[in-house]
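One structure is given here, and the rest of the page talks about it.
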Amino acid sequence: MTLEAFFLPVGTPRGGRRYCLFHKPASAARACVLYVHPFAEEMNKSRRMAALMARQFAADGVAVLQMDLHGCGDSSGDFGDASWHDWVDDVLVGCTWLRERTGARPWLWGLRSGCLLAAEAARRLSHTGLHVDLLWWAPIASGKAALQHFLRLKSAGELLAGSASRGSVDALRERLAAGESIEVGGYRLSSALASGLEQASLASAAGDRRLASWDVGSGHAASPAVQRVLAQWQIAGAQCRSGVVEGPAFWQTTEVEEAPNLIAASRETVAEAVTA
Amino acid sequence: MDVTHEVIRVLEDVLSLKGRSTSFSRETPLLGAVPELDSMAVVSLLTTLEERFGIVIDDGDINGETFRTVGTLVDFVNEQLATSA
């Protein structure tokens with residue numbers, strides 16, 4: 001297997017170039033996967049797990065494209081100028097590239113808020129008749145919750161500095177609603193990104209597809225919120241499976257950690273689809 | 001459910017304490033005493049507590065006292081459990 005690093009020009013309204021890593025299997029790809037990363041600190045903390053998974057997939061004969069979204073990682077643009085819609089456009093560009101390159105129907109593999117992006121991209125693609133498969137890692141059930149978690153970083157910083165004030169998250173929301181950007185944990189969050197994120201959901205799209213949702217932790221089943229979402233996808237035609245594997249929440253732990261059980265479960269998920 | 005036990009387990013997992021939490025008791029100081037407890041870790045703790053206990057934490061309820069010791073954090077979770085029951 002080989003690793004190609006390159007910049008992919010995007011012809012979307014936003015334009016620019018996205019940094020991509022393509023993990024190419026030694027022989028013709030049996031399947032292909034597009035990694036959709038979470039944002040800000042969660043993206044950084046999960047780099048190692050994303051790389052380990054991508055390498056494992058490639059060793060199994062599955063091609064993987066890792067793309068840094070607009071304003072993230074090594075891609076062009078500033079995080080503060082990124083919007084949710086640009087990111088969905090980027091995911092669609094990555095999907096098209098993968099399909100042309102491998103000839104296979106892509107899996108969208110999302111982590112945390114990346115699952116929200118993957119779901120939205122899947123809905124958009126369904127309108128064009130393409131039903132991509134979905135692999136979710138520890139999905140956040142709603143964009144509203146994802147935004148809340150991110151804004152908390154600011155109030156938590158104030159808490160540690162001893163200057164916590166009641167309702168500071170509400171005040172941040174008001175500023176975003178008024179079209180202002182705010183700075184949280186070293187990231188400038190634009191009003192456009194916040195509003196897109198807040199409206200994002202895991203809502204289903206019609207179509208025959210596979211959807212696997214894996215979480216890590218000590219529980220035995222996906223959270224009730226995710227189970228409700230999976231039931232909707234099932235009605236819409238998806239073959240769903242979900243589960244919880246033992247392992248650390250590597251996207252948020254203080255140290256960089258690994259969750260080998262999650263990699264094993266995901267390999268199995270994609271391998272089953274290939275042999276089916 | 002043993003809330004104290006669960007809270008210590010969440011601290012161990014989220015802060016990557018590598019077993020240091022086995023010596024934790026209600027009196028163990030957290031904020032200012034556990035170096036891993038930075039702002040990102042506070043957010044992760046709140047999120048994990050919400051998911052683990054099925055509670056919704058109103059940020060307005062949180063202050064420095066909440067994270068002063070293991071005991072104050074356990075009391076906070078118990079209060080949240082009582083109001084969401």
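Hey, any idea what Rg/Rh is for the stretch A:150-242, computing Rh the Kirkwood way over Cα pairs?
Reported Rg/Rh, Kirkwood definition of Rh: 1.13.
With one equal scatterer per alpha carbon and no solvent term, the Debye-computed log10 I(q)/I(0) for chain B at 0.17, 0.21 1/Å reads -0.62, -0.99. Ordering A:248, A:9, A:168 by the projection of their Cα atoms onto the charge dipole of chain A, which places +1 on the Cβ of Lys and Arg and -1 on the Cβ of Asp and Glu, puts A:9 at the extreme positive end.
In peptide A:240-247, how many Cβ atoms from other protein chains are near each Cβ within 10 Å, on average?
Going residue by residue through A:240-247 and averaging, the value is 0.
With only the Cα atoms considered, the stretch A:46-130 has a convex hull volume of 101 Å³ per residue.
Over all residues in A:250-263, what is the mean tally of Cβ atoms on other chains that come within 10 Å of each residue's Cβ?
So the per-residue partner count for this stretch is 3.
Just checking the listed ones, A:146, A:200, A:178: in the Gaussian network model of chain A with Cα springs under 10 Å, the one fluctuating most is A:178. Between the stretch B:4-57 and the stretch A:46-93, what's the alpha-carbon centroid distance in Å? Computed from Cα coordinates, the inter-centre distance equals 30 Å. The charge dipole of the protein assembly as shown, taken about the Cα centre with unit charges on the Cβ atoms of Lys, Arg (+1) and Asp, Glu (-1), comes to about 1180 debye, rounded to the nearest 20. Among the lysines of the protein assembly as shown, pairs that are 8 or more positions apart or on different chains and have alpha carbons within less than 29 Å of each other number 6.
Computed about its Cα centre, the charge dipole of the stretch A:199-276 is approximately 420 debye, with only Lys, Arg, Asp and Glu carrying charge at their Cβ.
Angle of helix A:224-235 to the longest C-alpha principal axis of chain A, folded into 0 to 90 degrees and rounded to 10: 40°. Counting neighbouring beta carbons within 10 Å and listing from fewest to most, the residues B:2, A:215 come out as B:2, A:215. Counting DSSP beta bridges with both partners in the protein assembly as shown, what percentage is antiparallel, nearest 5? Counting only bridges with both partners in the protein assembly as shown, antiparallel ones make up about 40 percent. Considering only the other residues whose Cβ falls under 10 Å of the Cβ of residue A:69, what net charge follows from Lys and Arg at +1 and Asp and Glu at -1? Its environment carries a net charge of -3.
Average the reciprocal distances over every distinct pair of alpha-carbons in the stretch A:1-106, invert the result, and give the Kirkwood radius in Å.
13.9 Å
Assuming a ≥ b ≥ c are the square roots of the Cα gyration tensor eigenvalues, decide whether the stretch A:24-85 counts as rounded (a/c under 1.5), prolate (otherwise, with a/b larger than b/c) or oblate. Prolate, since a/c reaches 1.5 and a/b exceeds b/c. Candidates A:77, A:52, A:34 compared by Cα position along the dipole of the stretch A:34-81: farthest toward the positive end lies A:52, with charges placed on Cβ.
The orientation-averaged shadow of the Cα convex hull for the protein assembly as shown, equal to a quarter of the hull surface, comes to 17.7 nm².
Legend: translational diffusion of the stretch A:1-44 by Stokes-Einstein, Rh = Kirkwood radius over C-alpha pairs, 37 °C, 0.692 mPa s; D = 258 µm²/s. Counts of other chain beta carbons within 10 angstrom of each beta carbon in peptide A:124-134 average 0.
With axes computed from alpha carbons, what is the tilt in degrees of helix A:143-160 against the longest principal axis of chain A, rounded to the nearest 10 within 0 to 90? Roughly 50 degrees, rounded to the nearest 10.
Counting every other Cβ atom within 10 Å of each residue's Cβ, A:1, A:49, A:67 order from fewest to most as A:1, A:49, A:67. With both labels modelled 7 Å from their Cα along Cα-to-Cβ, the residue A:1 to residue A:191 distance reads 4.5 nm.
All of the numbers you see were taken from the coordinates with simple rules; none came from a lab. Model, not experiment: these values are computed from the prediction. Using ideal geometry, Cβ is built from the backbone for each residue, glycine included, and neighbour counts are taken over all protein chains shown.
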